[in-house]
Each structure stands twice: as structure tokens, then as C-alpha cells.
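Enquirer: First, the structure itself, so that you have it in front of you.
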Amino acid sequence: MWELIRANKRNSIVLIVLMAVVLLLLGFVIGLGFFGSEGGFFGLIIASVIWLILTLVSFSSGDQIFLAASNAKAITHDDYPQLFNIVEEMKIAASLPAMPKVYIIPDSAPNAFATGRSPETASVAVTAGLLGRLNRDELQGVIAHEISHILHRDILFVTVAGIMLGSILLLSQVFLRGMFYSSMGSRRRFSGGGKGGGQAAIFMLIIAIIAAILAPIMAQLLYFALSRRREYLADAGGARLTRYPEGLASALEKIANDPSPQLASVNKVTAPMYIVNPFKKKGQMKLSDLTSTHPPISERVRILRSMSHGASFKDYSDAFTNVTKNKTVVPAMALTKEDIALRQASAEAKKKQRAEYQMRQVGDIMRSVNQFVFLTCLCGLKLKIPPNFKANKVQCPRCKRILDLPKK
Amino acid sequence: MTALIVVAVVLALFVAFVIGVYNTLIRLRNQVNNSWSQIDVQLKRRHDLIPNLVETAKGYMKHERGTFEEITKARSQAMGAKTVAEASKAEGALGEAMSKFLLVVENYPDLKANQNFLSLQEELTSTENKIAFSRQSYNDQVLFFNNKIQMFPSNIVANMFKFGKRDFFEIEIAAEREVPKVSF
């Protein structure tokens, strides 16, 4: 466990340094391409300024920006006791130093993510669609996966690496667009720059263009490769926390087979944060293995289901090599022998779901979070009044009684 | 002269090693203590929930007096426990009584429909889970701490400062060890 966290931290630092080098090189080359031999330092400075600003912003309020962008609403224990309790259970199992803040995203696509700077200031967000579809054990599996991301320090990694990727994308976009427009205007600056330096300038320019096209692709592949690995590790961590891999497995299966439209408010940089890839695929080919942010769900489910001996990282690693025939993703340091027995399903999971009731309950929670007013008419009908309803009386649609709205 | 420098460097390295390991051990010991207090918090919470639950359920379950008496007795024994051994035994008995109670509840559809009871039941389920998970995390921490103390080279520092091994927290649950009886 602790070995894994240490290995993960080291990997994060390596990746972030690599990406910083790519970013600064890109800035340097673009500067050279644009302004000739003195421009290199200028480009370097611009690249570091962009990076510094984005890093400062992401450190001070990256999680808040991300939560606000996904339209997440903070909830307390009273809004949805079960979700809150499950997060607390997993917080205890992982012995996190503080209780993560809990958010609900009003979206019918089932998904979840964790964000934050450190385990002390973490947040967990789940969509309403997820709450409506999963039973207690499955929800616990999903939350355990998210808490593992917090425990493994993946949340900081995703924020920093994501911001870095964002700045590389931004820089190369600005450069390529700049090139495009300036080539439409005057070409003289590039073709006849100095005395006989024309050849070299054009050469530098071509290198800069190639770098501007290649750097974002390289950075993305690097980022995605590591985030795929981290998804497996968070699955392993989740199974270890709950001692019940089947909960997460059946949750992933339900999420994969869900027909709802894809999550609104998601982009290339934030996609790796979610428990399953929020982009719905359409007619993918084999190339997607390299560019996808998440491992295939069917494979994750099969790995979790073949953990029949125990719930330690060693057991997950064995199951992983059995299913994928690949080298294990778990760092060798974390493969110490641990005796961790699996547990049984809780009583509730065995019961049949009352899906419609559960869905309606989640809908009510979303409304109460969004300041809806609930009013029960004498005839028994429950009226749900939106916050922008201005009149102070309302007619019951069933029995035609006139009801007074409570004053705000 | 060079010999002196070599000795000084080796000594400095050793001191740095001792300080590093000592601090790690202290941090781990604090984590173990913290996990232990977590278990305590959750056990208290269970004791607080039970009177409410019994009060709500009593009206619906007139014929289950025996179950309630068992719970109340187990609770007061658990609350009065002085030593760790006593506590783990009494908490085991209380956990058993609670799970028996939750099974009996299945026969009372009216009670299961009661909103108040439903929310109490969720709290109780969650508290039972939290007890289990805090025990699990405590035992994980103890395992790690004990390994650190016994393994080379950290055992040198542990012996220097007399860090002692910690005990695992095992709850005695008779039902879990009983072989299920099959009768035809």
C-alpha cells in the first residue's frame, strides 16, 4: 500500500518533469522559428509564464473550477445519507486524514470522479444517474475506486499533468494559428530574414512546425498511458478497501451497458478523471488502445471477477496477468504477500432493486439541492415547485385545491 | 586525516538513518493510535443508535421481546466493558444480536415501510460497516508497523528506542466460527 503510493509519487514527478521539458522545448523551438536565433529565450520565457500561471491557478482552485464546470452541487449527510455514509466508510477504510467533500452532478449518465490537491482537501463527485442505478455494494465499489485515486495521490497528478497538457496544447495551437495567419499576410519576414540566414531560418521554422504538431501528441500519449495504468491500480485499491471486488465489477458492468446519452461538460483533459471514459465510442478501431484514457471495461470487469483468492494487490496482479497476458501494472514494491480474505455480499445486494422508486428518490434529492420547494396536498399529491416559481399560491392539479406556498 | 573523515561521514550517515527511521516509526505509531480511536468512535455511535432503533421498532414488533432484551443487555455490557479483551467480546455479542434483529425485521413489512426506521436502518448498516472498516484499517496499520519493527534495518532503531509490537483487534464472533447445522 505505502510502497505503491511512493512508487506512484515518483512516477508522477517523472511524468511532470518530462512534460515540463516538452513544454519548454516547444517554447524554445517556436521562439527560434518565429523570431530567429534570439527568439529562443523569448519563447522559453513565454512558455514558462504560461505554465506558471496555469499551475498557480490549478493549485489554488483547480478542483473548484473543475467541480463548477461539471455543475456539481455539494451535499451534506441529510441530503443523501447513504452516499455520504458510504464515502465516510471508505474514508475510514483508507484512513484518509479528512472526510472528502461529497458532490452530486445532475446528469443521467452514470459516472464519478475525485479531485483535489491532497488527501486533506479532496472531493468526490458522482452523477445522479449513478445513484439511481447502483445498489449499496456497487456504489461502495465505485466510491472505493475514487478514494483509491485520492489515496494514491492520482488527483494531484491528474490536475498538474492535465494543466501541463493543456498548456502544451494551447501553445502549439497559438503557434500554428499564428503561422497560418502570418503566412497569409507578409511572407517576407521568414523568407528574407537576415544576410544569408534565410536557409537556416526556414529550416528552424519547419522544425518548429513539426515540434508544434508532435509535442501535443506525444504529451497526450504519455498522459493517457499513465492514466490507463492508474485506473487499473485504483480498481486494485478499491477491491482491497472493500474486500469485495464483485461490487465494483458489477457497477462497471452496469455503467458500461447504460443507454443514457454521454455526459455533458467533459473534455479531453478532464476525461481521465472519471471512473469510466465519459466519451461514448462510435465505431472504434484498434488504434483506440493507444489513445484511450481508460482500459476497456470488459477487461476491468474480468480481472476483478477472477480475483477468487483474496483482495490484496498481489491477487489483483495475478488476476491481471491471467486475463490480459500482459506484464503486471502493479509496481513490484507493492507486491508483498498479504493475506486479505474476501467478504460476502451485504444483505441489501441480494434483494431485488426497486429501480423506479430509487430513480425518483434521486430526482427529489437533486430538486432539494436545487432549492425546489416540496408541498404535500391534502389529497396526498406531492407537488415539487421550482425555485423560479414566483406566485405565492398554487393549484393542486388533482383535486383543484388552492395551496399557499411557504414564504422563503 | 582521511581515516577521520571516513569515520565522520559514516557516523553522520548512521545518525541520519536513525533519525529518518525514528520519525517513520513515530508517524506509523501515531497512525495506529489514530485508527484505534476511530474504532472507538464508531462503537460509541452504535451504542447511541440502538435505543432509537429499539424505540421505533417496539411498536411494530410486539412478539419479539426476547430479541430486544438481548440487544439491550448486550449493549449495556459493551458500554460497561473495562478492558480491551472484555470490549471485543461484548461488542462481538452485540454485533451478533444486531444482525439477528435485522434478519427478524424482514418479517415486518409495515416496519420496513416506516420512513424513520428506514433512515435508522441505513445509519445502523453504515455504522456496522464503519466498525468493520475501521477494524480492517487498524489491523492493516498494525501489520505494517509490526513488520517495520521486526525487519532489518529498521529493527535496529526500533530496539534502540524500545518500540513494542502492537496487537491485532479481533472481534470474537461465535456465529462466524460455528459450523452451520443441517437438519433434514
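The values are calculated or read from the model by the stated rules, or taken from the named source; none is laboratory data. Here the structure is a predicted model, which is why all the values come from computation and not from measurement. Every residue, glycine as well, gets a Cβ built from its backbone with ideal geometry; the counts of neighbours run over all protein chains shown.
Enquirer: Taking the condition more than 26 Å from the chain's Cα centre (by Cα) and more than 30 Å from residue B:136 (Cα to Cα), does residue A:32 pass? Outline the logic, then answer.
Expert: Details: more than 26 Å from the chain's Cα centre (by Cα): yes; more than 30 Å from residue B:136 (Cα to Cα): yes.
It is true that residue A:32 is more than 26 Å from the chain's Cα centre (by Cα) and more than 30 Å from residue B:136 (Cα to Cα).
Enquirer: Would you confirm, using the coordinates I've provided, whether residue B:90 is away from every other protein chain (no Cβ under 13 Å), crowded, with 16+ Cβ neighbours inside 10 Å and hydrophobic (A, V, I, L, M, F, W, C)?
Expert: yes
Enquirer: What are the residue pairs meeting all of these: first residue in the stretch B:157-171, first residue under 25 Å from residue B:131 (Cα atoms), second residue of a type in the set (Gly, Ala, Ser) and surrounded by 11 or more Cβ atoms within 10 Å (Cβ to Cβ), Cβ atoms under 6 Å, and 6 or more apart or on different chains?
Expert: B:171/B:88; B:171/B:92
Enquirer: Can you confirm whether the stretch B:170-178 contains a residue that is out of contact with any helix residue (DSSP H, G or I) (no Cβ under 8 Å at 6 or more places or on another chain), away from chain A (no Cβ under 13 Å), at pLDDT 80 or above and farther than 25 Å from residue B:38 by Cα?
Expert: no
Enquirer: Here is a follow-up. Looking at B:71, B:131, which one is out of contact with any Asp or Glu (no Cβ under 6 Å at 6 or more places or on another chain), under 18 Å from residue A:88 (Cα atoms) and in contact (Cβ under 8 Å) with a residue 24 or more places away in the chain?
Expert: B:131
Enquirer: When the residues of the stretch A:99-115 are narrowed to those that are surrounded by fewer than 23 Cβ atoms within 10 Å (Cβ to Cβ) and modelled with pLDDT under 90, which ends up farthest from the other protein chains (Cβ to nearest Cβ)?
Expert: This residue is A:109.
Enquirer: Here's another thing I want to ask about it. Would you say residue A:70 is away from chain B (no Cβ under 14 Å) and either crowded, with 19+ Cβ neighbours inside 10 Å or under 29 Å from residue A:371 (Cβ atoms) (or both)?
Expert: yes
Enquirer: Next question. Taking helices (runs of 4 or more DSSP H) that do not extend beyond the stretch A:255-355, which have at least 1 residues that are surrounded by fewer than 17 Cβ atoms within 10 Å (Cβ to Cβ) and at pLDDT below 80?
Expert: Per the criteria, A:288-291, A:313-324, A:347-350.
Enquirer: Restricting attention to the stretch B:21-43, which residues are out of contact with any helix residue (DSSP H, G or I) (no Cβ under 7 Å at 6 or more places or on another chain) and either more than 14 Å from chain A (Cβ to nearest Cβ) or aliphatic (A, V, I, L, M) (or both)?
Expert: Of everything in the stretch B:21-43, those that are out of contact with any helix residue (DSSP H, G or I) (no Cβ under 7 Å at 6 or more places or on another chain) and either more than 14 Å from chain A (Cβ to nearest Cβ) or aliphatic (A, V, I, L, M) (or both) turn out to be B:23, B:26, B:41.
Enquirer: Let me ask another. I'm checking my understanding of the structure. Among residues of the stretch B:106-117 that are of a type outside the set (D, E, K, R) and either within 10 Å of another protein chain (Cβ to nearest Cβ) or surrounded by 15 or more Cβ atoms within 10 Å (Cβ to Cβ) (or both), which one is nearest to residue B:48 (Cα to Cα)?
Expert: Going through the qualifying residues, I end up with B:117.
Enquirer: Further, regarding this structure: Output the residue which, of all residues in the stretch A:210-243 that are within 14 Å of chain B (Cβ to nearest Cβ) and crowded, with 24+ Cβ neighbours inside 10 Å, is farthest from residue A:16 (Cα to Cα).
Expert: Top of the filtered list is A:242.
Enquirer: Continuing with the same structure: Condition (residue is of a type in the set (Val, Ile, Thr), touching a Lys or Arg at 6+ places or on another chain (Cβ under 7 Å) and within 14 Å of chain A (Cβ to nearest Cβ)) applied to the stretch B:47-68: is it met by at least one residue?
Expert: Looking only at the stretch B:47-68, we keep the residues that are of a type in the set (Val, Ile, Thr), and these are B:50, B:54, B:56, B:67.
From what is left, the residues that are touching a Lys or Arg at 6+ places or on another chain (Cβ under 7 Å) are B:50, B:67.
Among the residues that remain, those that are also within 14 Å of chain A (Cβ to nearest Cβ) are: none.
Checking the stretch B:47-68: not a single residue is of a type in the set (Val, Ile, Thr), touching a Lys or Arg at 6+ places or on another chain (Cβ under 7 Å) and within 14 Å of chain A (Cβ to nearest Cβ).
Enquirer: Could you tell me whether residue B:100 is at pLDDT 80 or above, at negative phi and either within 14 Å of chain A (Cβ to nearest Cβ) or part of a helix (DSSP H, G or I) (or both)?
Expert: yes
Enquirer: Could you tell me whether residue A:90 is surrounded by fewer than 23 Cβ atoms within 10 Å (Cβ to Cβ) and either of a type in the set (Asp, Glu) or touching a residue at least 12 places away in the same chain (Cβ under 8 Å) (or both)? Spell out how you get there, then give the answer.
Expert: Values: surrounded by fewer than 23 Cβ atoms within 10 Å (Cβ to Cβ): no; either of a type in the set (Asp, Glu) or touching a residue at least 12 places away in the same chain (Cβ under 8 Å) (or both): yes.
It is false that residue A:90 is surrounded by fewer than 23 Cβ atoms within 10 Å (Cβ to Cβ) and either of a type in the set (Asp, Glu) or touching a residue at least 12 places away in the same chain (Cβ under 8 Å) (or both).
Enquirer: For residue B:145, are the conditions met, namely being closer than 30 Å to residue B:167 by Cα, more than 10 Å from every other protein chain (Cβ to nearest Cβ) and in contact (Cβ under 8 Å) with a residue 24 or more places away in the chain?
Expert: Details: closer than 30 Å to residue B:167 by Cα: yes; more than 10 Å from every other protein chain (Cβ to nearest Cβ): yes; in contact (Cβ under 8 Å) with a residue 24 or more places away in the chain: yes.
Taking the combined requirement at face value, the residue satisfies it.
Enquirer: A further question follows. Output the qualifying pairs, or none if there are none: Cβ atoms under 7 angstrom, residues six or more apart or on different chains, first residue in the stretch A:57-69 and in the same structural domain as residue A:273 (by TED's automatic domain parsing), second residue among the charged types (D, E, K, R) and surrounded by 14 or more Cβ atoms within 10 Å (Cβ to Cβ).
Expert: Listed by first residue and then by second, the contacts come to A:59/A:117; A:63/A:117.
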